[in-house]
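Below is one structure, written out as structure tokens; comments come after it.
None of the figures in this text is laboratory data; all of them are computed from the coordinates on show. Treat the numbers as computed from the prediction; the structure is a model and nothing was measured. As a convention, Cβ positions derive from the backbone with ideal geometry for all residues, glycine included, and neighbour counts pool all protein chains shown.
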Amino acid sequence: MNHQNTKNTEFYANCTAYFEFLRKKGANDDSFEDEYYFTMPAISSH
């Protein structure tokens, strides 16, 4: 796995953990979610 894929996988795992943390708290982070869903297609295409 190349360095870029490693970073993308790490980013995805961290975001997933963060979203799970928010769900468990009953909270949300709309700004981050917007940025995440805007960024993921760009990351996924590489």
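Scanning region 12-46 for residues that are touching a helix residue (DSSP H, G or I) at 6+ places or on another chain (Cβ under 7 Å) and without any contact (Cβ under 8 Å) to a residue 40 or more places away in the chain gives 15, 28, 29, 36, 43. Pick from region 1-36 the residues that are part of a helix (DSSP H, G or I) and among the small types (Gly, Ala, Ser): which of them is farthest from the chain's Cα centre (by Cα)? Of everything passing the filter in region 1-36, 31 is farthest from the chain's Cα centre (by Cα). Please enumerate the residues belonging to region 4-46 that are of a type in the set (Lys, Arg) and surrounded by 11 or more Cβ atoms within 10 Å (Cβ to Cβ). Within region 4-46, 7 is the sole residue that qualifies.
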